[in-house]
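The values are calculated or read from the model by the stated rules, or taken from the named source; none is laboratory data. The model shown is predicted, which means the values in this text are computed figures rather than measured ones. A quick note on method: Cβ atoms are made from the backbone with ideal geometry, for glycine too, and the neighbour counts reach across all protein chains shown.
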């Protein structure tokens, strides 16, 4: 069983790839329930990048533990979870580890993660000295089953930073990449399972104007008039302190146009532009339309290639609008309510267990896999981010 994809398949949590968190990702949980061996590219504390955590006062802080010179704990082990956080769909077909000069850092955090995950043991420690993509490495492993889930960042990055910095990937380009992905995976003769794209506008990274009004216990019109935003607009995280200051009347409104890059953890690269404080209603609608278009592409291409699709889109909608009962508590996508971790984007241990069960349910139904479901209740009992 081999996994390819982005941060969700890598087991990213609290804005970090960290050994103690990777083991709770849906890929590790799914493989464990299926009785399959999984080799994770384990990252030592404090993680890459350093993980967010709660301090003694309940504030979200960055783990200040020094990062080892080589964060990868098991560089001699060939991963079977090849997912690289931050990749777009096309990157599964194109992104390879690089050989940067010793005096130069990697081109980006994503490239650094690709170097750590895809660069060991080969090409950095063992021949052949040929950098390979996720798909190429997956094929080399002669898998019987491949789980592929990517394309989330094609919509998430525009949400995080604004479409002026990261435009939404055109549907035609997404379709080309997805067809190429399934064409190449078909050549392995493995059983292929893919997942579709959730509505990324539902994650608690965004705070809709109506939710801010509910939190402040004021009319929606109070929020919109003070901040100068529309009733269906939403705020990015770095806008929240400014918005609350305006609503507290400790600073004048309206809300400024741009805010610092809302990247949890380390500061953004020098020269990284500020981002819009607000994701407008029009941008939210455009993103929702793109989600539906991407999922239509995934469904049609999967049908043509005889590939099973896991419906994560519907799962996330159920969690967002209906909630899930776990240990007597109804959790949903609200921040700090059991499903989303401290970065407001990636799941908790409990959230990943719920996602793993959706894969298991689909594989059992369509592939006669007979994989036992994971006990979400047991996972929640030891989940440090589940509200107990």
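Numbers at a glance
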read-out	value
Spans of helices (runs of 4 or more DSSP H) in the stretch 5-49 with at least 3 residues surrounded by fewer than 24 Cβ atoms within 10 Å (Cβ to Cβ)	19-22, 26-34
Helices (runs of 4 or more DSSP H) within the stretch 298-388 that include 3 or more residues in contact with a strand residue (DSSP E or B) (Cβ under 9 Å, 6 or more places away or on another chain) and closer than 20 Å to residue 32 by Cβ	349-367, 376-381
Conditions (1) buried (at least 17 other Cβ atoms within 10 Å of the Cβ); (2) at pLDDT 95 or above; (3) closer than 30 Å to residue 241 by Cβ: number failed by residue 359	(3)
Residue, surrounded by the fewest Cβ atoms within 10 Å (Cβ to Cβ), within the stretch 191-245, restricted to residues that are in contact with a strand residue (DSSP E or B) (Cβ under 7 Å, 6 or more places away or on another chain) and within 30 Å of residue 143 (Cα to Cα)	191
Residues of the stretch 68-83 that turn out to be buried (at least 20 other Cβ atoms within 10 Å of the Cβ), in contact with a strand residue (DSSP E or B) (Cβ under 8 Å, 6 or more places away or on another chain) and assigned to a loop (DSSP other than H, G, I, E, B), as a count	4
Test result for residue 48, in the same structural domain as residue 122 (by TED's automatic domain parsing), within 28 Å of residue 126 (Cα to Cα) and in contact (Cβ under 8 Å) with a residue 24 or more places away in the chain	yes
Which listed residue, of 40, 18, 95, is over 25 Å from residue 340 (Cβ atoms), in the same structural domain as residue 144 (by TED's automatic domain parsing) and under 20 Å from the mean Cα position of the chain (by Cα)	95
Qualifying residue in the stretch 266-285 (condition: part of a helix (DSSP H, G or I) and closer than 30 Å to residue 369 by Cα)	no
Per-region count, the stretch 119-150, residues farther than 21 Å from residue 178 by Cα and surrounded by 20 or more Cβ atoms within 10 Å (Cβ to Cβ)	2
Number of the condition not met by residue 160 [criteria: (1) under 30 Å from residue 343 (Cα atoms); (2) assigned to a helix (DSSP H, G or I); (3) modelled with pLDDT of 95 or more]	(3)
Residue within the stretch 265-288 that is surrounded by fewer than 19 Cβ atoms within 10 Å (Cβ to Cβ), within 30 Å of residue 356 (Cα to Cα), in contact with a helix residue (DSSP H, G or I) (Cβ under 9 Å, 6 or more places away or on another chain) and modelled with pLDDT under 95 present	yes
Exclusive hit being over 30 Å from residue 170 (Cα atoms) and touching a helix residue (DSSP H, G or I) at 6+ places or on another chain (Cβ under 9 Å), set 106, 128, 100	100
Subset tally (residues that are touching a residue at least 40 places away in the same chain (Cβ under 8 Å) and over 26 Å from the mean Cα position of the chain (by Cα)) for the stretch 127-157	1
Inter-residue pairs, beta-carbon under 7 Å, first under 19 Å from residue 52 (Cβ atoms) and in the stretch 319-340, second part of a strand (DSSP E or B), 6+ apart	333/340; 337/331; 338/326; 338/329; 338/331; 339/331; 339/347; 340/347
Some residue of the stretch 53-67 being within 30 Å of residue 182 (Cβ to Cβ), in the same structural domain as residue 129 (by TED's automatic domain parsing) and not in a loop (DSSP other than H, G, I, E, B)	no
